[in-house]
Each structure stands twice: as C-alpha cells, then as structure tokens.
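The values are calculated or read from the model by the stated rules, or taken from the named source; none is laboratory data. Since we're looking at a predicted model, the values are computed, not measured. Ideal geometry is used to build each Cβ from the backbone, glycine not excepted, and the neighbour counts take in all protein chains shown. SASA here: full protein model, heavy atoms, side chains in, ligands and nucleic acids out. Shrake-Rupley method; radii C 1.70, N 1.55, O 1.52, S 1.80 Å.
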Amino acid sequence: MVLHVTLTPAEDSWIVAECPALPGCVSQGKDEQEALANIKEAIAAWLWAEDQKAVARLPRTNQPEILVSV
C-alpha cells in the first residue's frame, strides 16, 4: 500500500509529517528520516484503530475471523 505524506517544517525546527488520506494521522520527528519513521508507525496505528472500530460494529456470528497483514 502506498500513501502520500506531507512533511512540513515546524517553528521549533521539528518536521511535521501528515497523511492527508487518513484524517488526524499526524506525527513529527527531529529530521525527515525520523518524521517518516514516525508517520509510518502512526499510519499502522491509525489503520489498526479503524479496523477495530469496524469489527466492533459487525454482528456477532459463529464464523471464524481471518486476519490479513498488509
């Protein structure tokens, strides 16, 4: 999966990283490399949280759940 990320210098000399496709998915780092590593982690956490919300809304059935790593 490929997602676009924006990197913006902050006033405190940190780099703010944001994934526009995922509302509220923002992170930062002391430099571009750290900001990119942190936003990758934030994206994974954002997707996991959305998945958990979706699963909670599903009706309960006797069918087994299948987990797929992306």
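Annotations
- Listed peptides 50-60, 26-36 by packing density, highest first (mean Cβ within 10 Å): 26-36, 50-60
- Among ILE39, LEU3, ASN62 the positive-end extreme of the charge dipole of the chain (Cβ point charges): ASN62
- Over all projection directions, the Cα-based convex hull of the chain averages an area of 5.6 nm².
- Phi to ³J(HN,Hα) by Karplus 6.51 cos²θ - 1.76 cosθ + 1.60 over region 28-36, Hz, x for Gly, Pro: 7, x, 6, 8, 4, 4, 5, 4, 5
- Surface composition of the chain: carbon plus sulfur atoms hold 56% of the accessible area, using a 1.4 angstrom probe and ignoring ligands, DNA and RNA.
- When only the Cβ of Lys, Arg, Asp and Glu is charged (+1, +1, -1, -1), the dipole of the chain relative to its Cα centre reaches about 480 debye.
- Helix-only CD estimate at 222 nm, as mean residue ellipticity for the chain, using -39500 (n - 2.57) per DSSP H run (n ≥ 4): -13000 deg cm²/dmol
- In Hz, Karplus ³J(HN,Hα) per residue of region 54-65 (6.51, -1.76, 1.60; θ = phi - 60°; x = Gly, Pro): 5, 5, 5, 8, 6, x, 6, 9, 8, 6, x, 7
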